[in-house]
Amino acid sequence: MQSSSYSKREAIQLLRRGRIFLDLQSCTVKPFYEIKRCIKCQKIGHTSLQCKNDTTCGKCGESHDTRTCKKDTKQCINCQHSNKTPKTTFSTDHYAFDNKCNSYRNTLNSLRDTTRPAKKATTHNKNIP
Ligand SMILES: [Zn+2]
Ligand SMILES: [Zn+2]
Ligand SMILES: [Zn+2]
């Protein structure tokens, strides 16, 4: 049995000769996901610069600017909209820009799924009816 690993004495010799180097390729970088959220209509996936929708409050979900909101109610327009489909029953009592928003998290998760390298291509189609 031949071993390719260095003995302790060999390692010390290499260290003294300055032959030890850092393997930079072994460093892992965590991917950073950012989702565009419109500050005008509160929808996910675009910014206010591209927005052609009506102004919607990010706090109460009514049709006024978030900055001018004087209401105490929290209504997430994205979760409200999502609940109109039979697929989801999200709680809506949070701000649209809240990080605990289920609509936001769903989008984040689907983004993670599509950017992650597929391990098995066959399992990828399971969500398509
Ligand atoms: Zn918008
Ligand atoms: Zn409001
Ligand atoms: Zn929400």
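The values are calculated or read from the model by the stated rules, or taken from the named source; none is laboratory data. Because the structure is a prediction, the values reported are computed rather than measured. All Cβ positions, even for glycine, are placed from backbone atoms using ideal geometry, and neighbour counts span all protein chains on display.
State which residue pairs qualify: first residue over 14 Å from H94 (Cα atoms) and inside region 67-81, second residue more than 15 Å from ligand 1 (Cβ to nearest atom) in any location, beta carbons under 7 Å apart, and separation of 6 or more residues or different chains.
As it stands, the answer is C69/K59; C69/C60, since those pairs meet every condition given.
Quick check on this structure: which one of K74, K100, K84, K70 is more than 14 Å from ligand 1 (Cβ to nearest atom), among the basic types (K, R) and touching a Phe, Trp or Tyr at 6+ places or on another chain (Cβ under 9 Å)?
Details: K100 fails: touching a Phe, Trp or Tyr at 6+ places or on another chain (Cβ under 9 Å); K84 fails: touching a Phe, Trp or Tyr at 6+ places or on another chain (Cβ under 9 Å); K70 fails: touching a Phe, Trp or Tyr at 6+ places or on another chain (Cβ under 9 Å).
Unique residue meeting the criteria: K74.
Residue check: is H64 out of contact with any Asp or Glu (no Cβ under 8 Å at 6 or more places or on another chain), more than 10 Å from ligand 3 (Cβ to nearest atom) and modelled with pLDDT of 95 or more? Outline the logic, then answer.
Details: out of contact with any Asp or Glu (no Cβ under 8 Å at 6 or more places or on another chain): yes; more than 10 Å from ligand 3 (Cβ to nearest atom): yes; modelled with pLDDT of 95 or more: yes.
Yes; evaluated as a whole, the condition is true for this residue.
Go through region 76-94 residue by residue and tally those that are loosely packed, with under 14 Cβ neighbours inside 10 Å and more than 16 Å from ligand 2 (Cβ to nearest atom).
7
Looking only at region 95-106, filter to residues that are surrounded by fewer than 20 Cβ atoms within 10 Å (Cβ to Cβ) and either outside any helix (DSSP H, G or I) or basic (K, R) (or both); which one of those is modelled with the lowest pLDDT?
N99
Looking at region 23-36, is at least one residue modelled with pLDDT of 75 or more, of a type in the set (A, V, I, L, M, F, W, C) and either surrounded by 10 or more Cβ atoms within 10 Å (Cβ to Cβ) or within 14 Å of ligand 3 (Cβ to nearest atom) (or both)?
Yes, because at least one residue in region 23-36 is modelled with pLDDT of 75 or more, of a type in the set (A, V, I, L, M, F, W, C) and either surrounded by 10 or more Cβ atoms within 10 Å (Cβ to Cβ) or within 14 Å of ligand 3 (Cβ to nearest atom) (or both).
Pick out the one residue from C38, C60 that is touching a Ser or Thr at 6+ places or on another chain (Cβ under 6 Å) and within 9 Å of ligand 2 (Cβ to nearest atom).
C60 is the lone residue from the list that is touching a Ser or Thr at 6+ places or on another chain (Cβ under 6 Å) and within 9 Å of ligand 2 (Cβ to nearest atom).
Scan (1) under 23 Å from E34 (Cα atoms); (2) surrounded by 11 or more Cβ atoms within 10 Å (Cβ to Cβ); (3) among the hydroxyl-bearing types (S, T, Y) for the single condition T73 breaks and write down its number.
Here T73 clears every test but (1).
If D72 meets every condition in (1) away from ligand 3 (no atom under 15 Å from the Cβ); (2) not in a loop (DSSP other than H, G, I, E, B) apart from one, which number is that one?
(2)
What's the total number of residues in region 51-66 that are polar (S, T, N, Q), assigned to a loop (DSSP other than H, G, I, E, B) and touching a residue at least 12 places away in the same chain (Cβ under 8 Å)? Write out each step before concluding.
First pass over region 51-66, keeping only residues polar (S, T, N, Q): 53, 55-56, 63, 66.
Within this subset, residues satisfying the condition of being assigned to a loop (DSSP other than H, G, I, E, B) are 53, 55-56, 63.
Filter again for touching a residue at least 12 places away in the same chain (Cβ under 8 Å), leaving 53, 55-56.
Number of matching residues: 3.
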